[in-house]
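For reference, the structure is listed below as structure tokens.
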Amino acid sequence: MNIGVTFPQNEIGTDPLAIRDYAQAAESLGYSHLIVYDHVLGADPTRRPNWQGYTYKDMFHEPFVLFGYLAALTQLELVTAVLNPLPLRRSIPIWTGGRSDVVLRRTARIANGWFPLGQPSGQMRQAVEQLRRYIEEEGRDPASVGIEATVNARDGSLDKWVRQTEEWRTLGATYASINTMGAGFTSLGEHIEAIRRYKEAIAD
């Protein structure tokens, strides 16, 4: 399973040297890829009571500008988790995210990979098995569709991060990334220390 990091873009700020330091730290620790989210609009919480997701105040780096910068600084594989607009050439790999039946069927029909967007669980196992059935119904090999799991640092201790990684490996995930956003870290150093501890723990 290839192990990557989720770029902490809502928390890292805009200092190009900090962004360089984070990416190069991830690479030096042996991570294979870096995932960057895109988001066109965030919700206005004054119009969405009890909204828990991104808002219009959250910062998102434009992926291709960021990738152009990072490509000169690192050999990490650069991955977008959300991207608007569509590329002019449609030959790039397409990955989908979500667990609804519509998404699973779309993934089976056209996608190269799938972001499950959740934790490993009995329900997730059922979703993975259903996806594999749909892929076979489309006449495709389930092994040809990658699965990128996310391990969220905010969900618990290092032991839980490692346990979730192993559970994802058992479910057949081909990639996993550690997401340090939302874990209460207040400095770049804390983000880097978290990805260092995680990488060392799963290497044992």
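Consider Ile202 carefully, then state whether it is aliphatic (A, V, I, L, M) and touching a helix residue (DSSP H, G or I) at 6+ places or on another chain (Cβ under 8 Å).
yes
Just to verify a result, which residue in region 151-204, among those that are part of a helix (DSSP H, G or I) and of a type in the set (Val, Ile, Thr), is farthest from Ser121 (Cα to Cα)?
Here the residue is Ile192.
Criterion first (closer than 30 Å to Ser144 by Cβ, in contact with a strand residue (DSSP E or B) (Cβ under 9 Å, 6 or more places away or on another chain), of a type in the set (Gly, Ala, Ser) and in contact (Cβ under 8 Å) with a residue 60 or more places away in the chain) does Ala71 satisfy it?
Here the answer is no, as Ala71 does not meet what is asked.
Can you go through Val162, Val145, Val151 and tell me which one is β-branched (Val, Ile, Thr), more than 20 Å from Asn179 (Cβ to Cβ) and under 19 Å from the mean Cα position of the chain (by Cα)?
Val145
Criterion first (exposed (fewer than 13 other Cβ atoms within 10 Å of the Cβ) and of a type in the set (Asp, Glu)) does Glu148 satisfy it?
no
Looking at region 9-28, which of the residues that are under 19 Å from Phe64 (Cβ atoms) and surrounded by 16 or more Cβ atoms within 10 Å (Cβ to Cβ) is modelled with the lowest pLDDT?
Looking at the filtered set, the residue picked out is Asn10.
Any chance you could count how many residues in region 117-158 are closer than 27 Å to Glu200 by Cα and either of a type in the set (A, V, I, L, M) or free of Cβ contacts under 8 Å to residues at least 24 places away in the same chain (or both)?
Of the residues in that region, 11 qualify.
I need the full set of residues from region 34-74 which are within 18 Å of Gly97 (Cα to Cα) and modelled with pLDDT of 80 or more, in order please.
The answer is Leu34, Ile35, Val36, Tyr37, Asp38, Pro63.
Can you pull out every residue in region 75-92 that is closer than 12 Å to His33 by Cα and at pLDDT below 70?
Across region 75-92, there are no qualifying residues.
So which pairs qualify, if the first residue must be in region 33-59 and within 25 Å of Ala71 (Cα to Cα), the second must be small (Gly, Ala, Ser) and at pLDDT below 75, the Cβ gap must be under 9 Å, and the two must be at least 6 apart or on different chains?
Qualifying pairs under 9 Å: Asp58/Gly42.
Tell me which residues, restricted to region 90-146, are within 16 Å of Tyr175 (Cβ to Cβ) and among the hydrophobic types (A, V, I, L, M, F, W, C).
Passing the criteria: Ile94, Trp95, Ala111, Trp114, Phe115, Leu117, Met124, Val128, Leu131, Ala143, Val145.
Quickly run through region 93-116 and pick out the residues that are outside any helix (DSSP H, G or I), in contact (Cβ under 8 Å) with a residue 24 or more places away in the chain, crowded, with 16+ Cβ neighbours inside 10 Å and not small (Gly, Ala, Ser). Write out each step before concluding.
First pass over region 93-116, keeping only residues outside any helix (DSSP H, G or I): 93-100, 111-116.
Filter again for in contact (Cβ under 8 Å) with a residue 24 or more places away in the chain, leaving 95, 99, 111-116.
Filter once more, keeping what is crowded, with 16+ Cβ neighbours inside 10 Å: 95, 99, 111, 113-116.
Across region 93-116, the qualifying residues are Trp95, Arg99, Trp114, Phe115, Pro116.
The values are calculated or read from the model by the stated rules, or taken from the named source; none is laboratory data. Here the structure is a predicted model, which means the values were calculated and not measured. Here the Cβ is made from the backbone with ideal geometry for all residues, glycine too, and neighbour counts use every protein chain on show.
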